[in-house]
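Laboratory data are not the source of any read-out in this text; all were calculated from the coordinates shown. Values in this document were obtained by computation on a predicted structure and should not be read as measured data. Here Cβ is always computed from backbone atoms with ideal geometry, including for glycine, and neighbour counts include all displayed protein chains.
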Amino acid sequence: MKKALVVCSLALLSFIPASAQFSWGLRGGLNLVNNDISAISKESALDKDSYTGFFFGPMAEIQIPIIGLGIDASLLYSQKGLELANGSDMKDQSLSIPVSLKYTFGLGNILGIFGQVGPQFDYKIGDLDKTIELARTDGSGKDVQEFLLDKYSWSINVGAGVKLINHIQAAVNYNIPLSQEGTYNLYENVQDGQYLDAFKAGDDAFKASTLQFILTWTF
């Protein structure tokens with residue numbers, strides 16, 4: 001799947017004619033994340049499924065005149081995360097590279113409507129793991145929860161938006177995961193570093209689908 005997405009991205013770039021118009025700009029917006037952990041202990045792992053983050057960075061767009069097709073690519077610092085059961089959070093930071101095939105339907109120089117679809121590659125930066133300890137109600141020890149982020153992840157974007165006065169773009173995008181975001185492990189009844197119940201409910205993969213609100217200024 002990963003190789004197929006890379007080949008697809010390169011293929012999109014190879015079909016750009018010499019007459020294409022180039023523009024670049026700055027992009028930013030909000031990540032509204034829905035985290036999915038399927039473990040039986042999900043309720044004790046997360047305070048809530050949703051998390052609000054943000055992203056920003058440079059973008060570039062190449063558009064073929066008349067037919068309205070183009071390629072849109074960005075290099076973004078993106079922050080997602082998880083709201084954990086003990087009231088803390090875990091930031092999921094990455095350098096994101098979305099590449100989209102974009103079709104724009106122009107309504108004069110003032111307004112254009114576009115749809116876009118394409119792959120996204122995320123390279124994680126910052127801390128990739130977090131451990132929280134929760135005391136057991138019977139006082140026998142503690143439960144240990146471990147969250148481990150994968151270094152890389154893949155997804156696909158589907159979205160639509162509008163172009164205003166040739167410089168402003170506003171869009172809504174849905175980011176669909178194609179790989180796991182990380183894994184969650186639960187160790188029960190830990191005392192003095194020993195797992196007395198010898199129980200590990202985990203290596204449970206979790207994913208994060210994201211609704212994005214995007215604002216772009218092009219030069």
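Just want to confirm a number: the relative contact order over segment 29-157, from Cα pairs under 8 angstrom separated by 6+ residues, in percent.
18 percent
State which entries of K91/K130; K102/K151; K48/K207; K91/K124; K80/K130 exceed 19 angstrom in Cα-Cα distance in the structure shown. Check vs 19 Å cut-off fails for K102/K151. On the principal axes of its alpha-carbon atoms, segment 57-215 has extents of 71, 23, 20 Å, going from largest to smallest.
Packing-based ranking of 70-77, 167-174 yields 70-77, 167-174, ordered from highest to lowest mean Cβ neighbour count within 10 Å.
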